[in-house]
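Read through the structure below, which is laid out as structure tokens, and then see the notes.
The values are calculated or read from the model by the stated rules, or taken from the named source; none is laboratory data. Remember, predicted model here, so these are calculated numbers, not experimental data. As a convention, Cβ positions derive from the backbone with ideal geometry for all residues, glycine included, and neighbour counts pool all protein chains shown. Quick note on the areas: whole protein, heavy atoms, side chains included, nothing else; ligands and nucleic acids left out. Shrake-Rupley method; radii C 1.70, N 1.55, O 1.52, S 1.80 Å.
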Amino acid sequence: MSPIQNIVIIGNGIAGATAALEIRKRIEASITLISDETEFPYARTALMYIFMGQVSLPHTYLYPTDVWKEKNINLLKSRVIGLDRAAKTITLTDGRKLSYDQLILATGSLSILPDCEGIDLPGVCALYHLEDLNKIEHQLLSNVKSAVIVGGGLIGVELAEMLIVRGIKVSFLVKETSYWANALPEEESQMVSRHLAERGITIIPNEEMSAILGDQHATGILCKSGKTFSCDFVGITIGVKPNVSLFSETGLNINRGILTNSFLRTNDDHIYAIGDCAELSEPAENRKSIEAVWYTAKKMGEVAAANICGEKMVYEQGVWYNSAKFFDLEYQVYGYVPNAIEPPLKSHYLTYANGQKSTRFVFHEEGHVVGILAMGARLRHGVCEAWIKQKTPLNEVMEHFDKANFDPEFTPIPFKNLKAQSRGSNTRKARNLVSFIFPFLRTRP
Amino acid sequence: MNHRSIALTDQVHPTSHTRLHFIWLALFYLGLAMQFFSLFDLIFLPGEWALGLSFILIISGILGYTLTIEHRKKITGQPLYTLQGNIRQKKWSAWLLALFLTTFYVLLYLRPDLLGLGKNGASNSGLIGLYDGLSYWIKGNPASEWFVYGTMYTLAITCLGIRVIFKFRHNRYQVYRTLSIIFFQLIFAFLLPEILQSFNKPYVDLKNFWPLNYYFFFDWNIDQLLASGQFGFFVLGWGTLGFLVLTPLFTYYFGKRWYCSWVCGCGGLAETAGDEFRHLSNKSKKAWKQEKYLIYSILVLVIVMTLLILISRMTGQLTNISQTLAHWYGLIIGAMFSGIIGVGFYPLLGGRVWCRFGCPMAAYLGLLQKMKSRFRISTNGGQCISCGNCSTYCEMGIDVKSYAQQGKDIVRASCVGCGICSAVCPRGVLKLENINQ
């Protein structure tokens with residue numbers, strides 16, 4: 001194989017940026033990282049914190065800005081408008097052509113916008129790009145009092161938090177019976193719904209939007225059931241789809257995302273696809289072919305980089321994990337926890353702290369744990385992963401569960417607490433007394 | 001696209017202040033104004049009444065204002081920390097506050113007579129005179145400038161500590177830690193030394209170990225302690241035990257935080273009064289380099305100075321040089337660095353400037369922490385989403401994110417273990433812990 005001279009990466013998200021740095025660790029080739037969104041790679045996940053004034057854009061840069069020069073990675077702020085696989089070039093929006101020896105596509109996702117009436121009205125926004133923040137900020141200038149967020153996933157709740165902070169009344173319109181019920185088991189979904197209700201958020205279940213009302217500005221939404229809900233702002237967070245339309249005519253195999261083999265290579269030997277825009281041809285058991293989350297994107301960046309440098313590394317989906325935060329309620333999941341648990345799987349669900357926290361163990365009939373889902377508690381990644389990988393029996397996991405505790409020091413350990421509660425012990429009485437005298441010491445849900 | 005319009009820092013949340021907040025603020029400023037006017041003897045009330053009223057106004061003002069703000073933040077879902085607001089962005093109000101604080105420190109160290117300290121046996125007037133009543137009540141003597149300073153310092157840590165406890169009531173680490181800070185400041189740093197004085201014992205802060213307490217081995221201190229009999233021997237023994245045995249031992253088990261974030265008054269003030277200025281610490285690699293040069297130079301300096309003083313005590317040699325060194329160390333490091341820059345510049349450089357760049361005790365603890373300690377901040381696998389909250393609010397200027405992204409544990413000499421990185425992490429990636437190896 002001739003030495004690689006030119007590597008071009010389209011997309012500077014976590015996948016693309018990781019790939020660039022991982023390639024640089026191994027070889028000396030020229031690396032160009034292209035994005036039309038920001039000058040420096042930043043953490044998209046921090047968009048809500050930028051909006052809320054907790055951090056500013058430079059705080060969210062993935063690496064200090066001098067790293068890129070130091071590692072001799074060429075950052076290019078431009079948009080790619082064409083790909084010529086035969087000539088191995090890409091075309092930029094200013095007409096310039098860049099040639100590549102190896103190309104990495106890390107174009108990420110686009111928000112799904114339903115094709116309905118009123119979707120282009122002012123006051124209708126999605127949340128994915130930095131530019132969306134600008135747009136939302138601009139919309140909020142026009143005295144927004146209430147908002148409906150259509151679709152209740154993880155981005156939806158972030159948008160809700162952003163709006164609540166600005167004093168806007170928020171309702172969620174969800175297709176399912178409760179919040180994010182297509183991903184969370186019922187109890188957890190109910191718990192999140194209760195938590196959202198405490199924040200003054202209304203959940204409108206079993207409804208689907210059919211149109212957005214309004215002439216000059218969004219004034220409400222119309223549902224398929226015929227019901228209407230009035231509001232001044234409509235947030236669309238029904239999901240994301242791979243951003244691949246640019247490549248639809250190039251002969252790359254595309255299903256929903258760009259299809260890749262286990263080395264993350266596409267049907268063109270010189271092109272890799274990673275992150276949200278990539279679709280695995282052969283996903284592992286119980287795993288999706290597109291997993292559009294931060295952690296998988298990062299891992300894919302590492303694997304594609306190794307393969308480009310000739311290492312032949314297979315992308316293993318490994319033990320699934322994800323985490324999020326619903327206002328103050330933290331969520332962590334390890335392994336396989338489907339929303340409906342059916343034989344041969346069973347689940348053991350424990351709540352504590354007056355139903356404000358919970359842990360769920362999903363296990364196989366034969367006894368070994370396949371998934372753990374924690375709400376309001378932090379678990380140790382390595383420990384949970386090892387349990388699931390090694391098919392550890394449930395009773396063993398439960399017995400040693402304190403080993404998985406990752407909460408800040410002095411946080412009561414859940415299972416001791418659970419016992420104390422069931423016995424109505426003196427410790428509990430003492431604690432109640434203390435929290436009666438010093439209400440501020442009461443654990444926040 | 002214009003990024004500047006994105007809520008970076010320009011906009012203040014519409015829900016931040018209500019009329020009630022202004023009333024609380026007014027009480028606070030009224031109390032402060034009483035202290036200010038007492039400088040010119042313009043308070044026409046009996047001393048005890050004036051001080052009592054002023055304290056009531058200040059305490060109720062601070063607590064009323066900060067607790068209602070924190071409560072409101074909670075019910076409106078505001079984040080724990082924000083970059084927004086004039087005072088957090090080094091704008092005019094920050095400069096004004098810095099000017100006010102530094103002026104106070106300059107007067108305190110260099111011209112206490114302007115604060116009303118009676119010279120040559122004359123009785124106190126002005127601000128210091130205002131505190132005479134309290135001083136007589138606690139120890140039966142008139143107030144000194146240090147009594148005034150100690151009272152204000154304790155008041156700040158206590159009131160703003162209560163605010164921190166209220167703000168972090170969902171996080172027991174922060175609650176216990178702040179209670180500990182308040183306890184050590186109130187009892188060990190403030191009341192105990194004053195009460196000891198009233199029993200004709202020397203003024204000692206038992207938690208203030210050498211080398212932070214740089215004058216521990218100075219002639220006058222040793223003479224004073226030796227002159228006070230058994231108690232003096234106890235203090236000498238305790239102080240030596242403290243830096244030789246207790247410090248390494250506790251640092252081995254708990255890391256430097258046992259002192260810097262649980263006991264020390266300098267750190268305590270930064271954690272309570274400096275809480276809103278955490279983001280101002282410089283996170284650059286250059287600052288890290290400066291930090292290492294400065295803090296270890298000061299540690300070396302304090303060791304050399306102490307050795308010279310002990311040599312001169314025992315042999316009578318080198319007296320001049322050791323005394324000159326002691327004088328300048330006291331003035332430049334002890335007064336100007338720790339006070340004027342360390343506290344006066346809170347709104348410009350962040351709260352832990354002294355702890356990070358100057359404190360010889362922090363340097364000593366840091367070396368122990370780096371080399372031989374169970375303490376670290378663990379990173380939870382690959383779960384960091386690089387949002388940058390941890391690095392932004394690290395008051396010691398550690399780029400926590402750069403470690404978390406790589407799944408590396410954080411073992412840094414400068415980490416004081418305040419736990420804020422872990423508290424602001426939205427994914428539960430960071431945990432302070434003492435690992436039993």
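For the range A:32-45, does any single residue satisfy the condition of being in contact with a Phe, Trp or Tyr (Cβ under 7 Å, 6 or more places away or on another chain), more than 10 Å from every other protein chain (Cβ to nearest Cβ) and crowded, with 21+ Cβ neighbours inside 10 Å?
The answer is no; no qualifying residue exists.
Go through the range B:348-437 and tell me which helices (runs of 4 or more DSSP H), entirely inside it, have 2 or more residues that are in contact (Cβ under 8 Å) with a residue 12 or more places away in the chain, away from chain A (no Cβ under 13 Å) and surrounded by fewer than 24 Cβ atoms within 10 Å (Cβ to Cβ). Spell out the reasoning first.
On the way: elements: B:360-371, B:389-392, B:400-405, B:420-424.
Passing ranges, in order: B:360-371.
Restricting to the range B:76-93, count the residues that are open to solvent by 40 Å² or more (accessible area, probe 1.4 Å) and either in contact with a Gly (Cβ under 9 Å, 6 or more places away or on another chain) or away from chain A (no Cβ under 11 Å) (or both). Reasoning before the result, please.
Narrowing the range B:76-93 to residues open to solvent by 40 Å² or more (accessible area, probe 1.4 Å): B:86-92.
Applying the additional criterion that residues be either in contact with a Gly (Cβ under 9 Å, 6 or more places away or on another chain) or away from chain A (no Cβ under 11 Å) (or both) yields B:86-87, B:90-92.
So the count comes out to 5.
So for the range B:177-187 (the condition being closer than 24 Å to B:Phe233 by Cα, open to solvent by 30 Å² or more (accessible area, probe 1.4 Å) and in contact (Cβ under 8 Å) with a residue 24 or more places away in the chain), does at least one residue qualify?
In the first step, residues of the range B:177-187 are kept if they are closer than 24 Å to B:Phe233 by Cα; the result is B:184-185, B:187.
Now drop any that are not open to solvent by 30 Å² or more (accessible area, probe 1.4 Å), which leaves B:184, B:187.
Checking the rest, the ones that are also in contact (Cβ under 8 Å) with a residue 24 or more places away in the chain come to B:184.
Yes, the range B:177-187 contains at least one residue that is closer than 24 Å to B:Phe233 by Cα, open to solvent by 30 Å² or more (accessible area, probe 1.4 Å) and in contact (Cβ under 8 Å) with a residue 24 or more places away in the chain.
Taking the range A:69-121, which residues are among the β-branched types (Val, Ile, Thr), closer than 25 Å to A:Thr45 by Cβ and out of contact with any helix residue (DSSP H, G or I) (no Cβ under 8 Å at 6 or more places or on another chain)?
Start the filter on the range A:69-121 by keeping residues that are among the β-branched types (Val, Ile, Thr), which leaves A:73, A:80-81, A:89-91, A:93, A:104, A:107, A:112, A:119.
With closer than 25 Å to A:Thr45 by Cβ added as a condition, the list becomes A:73, A:80, A:104, A:107, A:112.
Listed by number, the list holds a single entry, A:Ile112.
Would you check if B:Leu127 is modelled with pLDDT of 90 or more, open to solvent by 20 Å² or more (accessible area, probe 1.4 Å) and either in contact with a Lys or Arg (Cβ under 6 Å, 6 or more places away or on another chain) or aliphatic (A, V, I, L, M) (or both)?
Numbers: modelled with pLDDT of 90 or more: yes; open to solvent by 20 Å² or more (accessible area, probe 1.4 Å): no; either in contact with a Lys or Arg (Cβ under 6 Å, 6 or more places away or on another chain) or aliphatic (A, V, I, L, M) (or both): yes.
No; evaluated as a whole, the condition is false for this residue.
Inspect all residues belonging to the range B:97-119 and state whether any of them is more than 25 Å from B:Gly339 (Cβ to Cβ) and out of contact with any helix residue (DSSP H, G or I) (no Cβ under 7 Å at 6 or more places or on another chain). Explain how you work it out, then say what you get.
Here is the first cut: in the range B:97-119, the residues more than 25 Å from B:Gly339 (Cβ to Cβ) are none.
So far as the range B:97-119 goes, no, none of its residues is more than 25 Å from B:Gly339 (Cβ to Cβ) and out of contact with any helix residue (DSSP H, G or I) (no Cβ under 7 Å at 6 or more places or on another chain).
Would a scan of the range A:33-44 turn up a residue that is farther than 20 Å from A:Glu302 by Cβ, part of a helix (DSSP H, G or I) and in contact (Cβ under 8 Å) with a residue 60 or more places away in the chain?
no
Within the range B:252-268, is even one residue closer than 24 Å to B:Ile298 by Cα and surrounded by fewer than 19 Cβ atoms within 10 Å (Cβ to Cβ)?
Within the range B:252-268, the subset closer than 24 Å to B:Ile298 by Cα is B:252, B:255-268.
With surrounded by fewer than 19 Cβ atoms within 10 Å (Cβ to Cβ) added as a condition, the list becomes B:252.
The answer is yes, given that some residue of the range B:252-268 is closer than 24 Å to B:Ile298 by Cα and surrounded by fewer than 19 Cβ atoms within 10 Å (Cβ to Cβ).
Please enumerate the residues belonging to the range A:313-364 that are within 25 Å of A:Gly382 (Cβ to Cβ) and among the polar types (S, T, N, Q).
Scanning the range A:313-364 gives A:Gln317, A:Asn322, A:Ser323, A:Gln332, A:Ser347, A:Ser358, A:Thr359.
Counting only residues that are closer than 10 Å to A:Thr237 by Cα and out of contact with any Leu (no Cβ under 9 Å at 6 or more places or on another chain), which one in the range A:128-172 is modelled with the lowest pLDDT?
A:Gly153
Determine if the range B:55-69 includes at least one residue that is of a type in the set (Phe, Trp, Tyr), part of a helix (DSSP H, G or I) and within 23 Å of B:Ile340 (Cβ to Cβ).
So in the range B:55-69, the residues of a type in the set (Phe, Trp, Tyr) come out as B:55, B:65.
Next, only the ones that are part of a helix (DSSP H, G or I) stay: B:55, B:65.
Those still in the list that are within 23 Å of B:Ile340 (Cβ to Cβ) too: none.
No; the residues of the range B:55-69 include none that is of a type in the set (Phe, Trp, Tyr), part of a helix (DSSP H, G or I) and within 23 Å of B:Ile340 (Cβ to Cβ).
Among residues belonging to the range A:294-331 that are open to solvent by less than 30 Å² (accessible area, probe 1.4 Å) and part of a loop (DSSP other than H, G, I, E, B), point out the one that is nearest to the other protein chains (Cβ to nearest Cβ).
A:Phe327
Could you check the range B:120-217 for helices (runs of 4 or more DSSP H) lying wholly inside it with 1 or more residues that are closer than 29 Å to B:Val416 by Cβ and touching a Pro at 6+ places or on another chain (Cβ under 9 Å)? It would help to see each step written out before you state the result.
On the way: elements: B:126-130, B:132-139, B:145-167, B:172-183, B:192-198.
Fully inside the range B:120-217 and qualifying: B:145-167, B:172-183, B:192-198.
Restrict the check to the range A:118-134 and report whether at least one residue is under 30 Å from B:Cys425 (Cα atoms), small (Gly, Ala, Ser) and buried (at least 19 other Cβ atoms within 10 Å of the Cβ).
Yes, the range A:118-134 contains a residue that is under 30 Å from B:Cys425 (Cα atoms), small (Gly, Ala, Ser) and buried (at least 19 other Cβ atoms within 10 Å of the Cβ).
Looking at A:Leu141, A:Leu113, A:Leu105, can you tell me which residue is open to solvent by less than 50 Å² (accessible area, probe 1.4 Å) and of a type in the set (A, V, I, L, M)?
Working: A:Leu141 fails: open to solvent by less than 50 Å² (accessible area, probe 1.4 Å); A:Leu113 fails: open to solvent by less than 50 Å² (accessible area, probe 1.4 Å).
Criteria check complete, one pass: A:Leu105.
Which condition number in (1) surrounded by fewer than 20 Cβ atoms within 10 Å (Cβ to Cβ); (2) in contact with a His (Cβ under 6 Å, 6 or more places away or on another chain) is the one that A:Ala353 fails?
(2)
Could you identify the single residue in A:Lys346, A:Lys403 that is open to solvent by 60 Å² or more (accessible area, probe 1.4 Å), in contact with a helix residue (DSSP H, G or I) (Cβ under 7 Å, 6 or more places away or on another chain) and free of Cβ contacts under 8 Å to residues at least 24 places away in the same chain? Outline the logic, then answer.
Numbers: A:Lys346 fails: in contact with a helix residue (DSSP H, G or I) (Cβ under 7 Å, 6 or more places away or on another chain).
From the options A:Lys346, A:Lys403, the qualifying one is A:Lys403.
Do you know which residues across the range A:53-71 are more than 8 Å from chain B (Cβ to nearest Cβ) and within 16 Å of A:Gly16 (Cβ to Cβ)?
In the first step, residues of the range A:53-71 are kept if they are more than 8 Å from chain B (Cβ to nearest Cβ); the result is A:58, A:65-71.
Within the range A:53-71, A:Val67, A:Trp68, A:Lys71 qualify.
Take the conditions open to solvent by 40 Å² or more (accessible area, probe 1.4 Å), aliphatic (A, V, I, L, M), away from chain A (no Cβ under 14 Å) and touching a residue at least 24 places away in the same chain (Cβ under 8 Å) and apply them to B:Leu96. Does it pass? Even if it seems obvious, please write down each step before you answer.
On the way: open to solvent by 40 Å² or more (accessible area, probe 1.4 Å): yes; aliphatic (A, V, I, L, M): yes; away from chain A (no Cβ under 14 Å): yes; touching a residue at least 24 places away in the same chain (Cβ under 8 Å): no.
Answer is no for this residue.
For the range B:339-396, how many residues meet the condition of being farther than 23 Å from B:Ser284 by Cα and over 23 Å from the mean Cα position of the chain (by Cα)?
Of the residues in the range B:339-396, 8 are farther than 23 Å from B:Ser284 by Cα and over 23 Å from the mean Cα position of the chain (by Cα).
Among the residues of the range B:56-68, how many are more than 21 Å from the chain's Cα centre (by Cα) and closer than 21 Å to B:Leu134 by Cα?
Matching residues across the range B:56-68 total 4.
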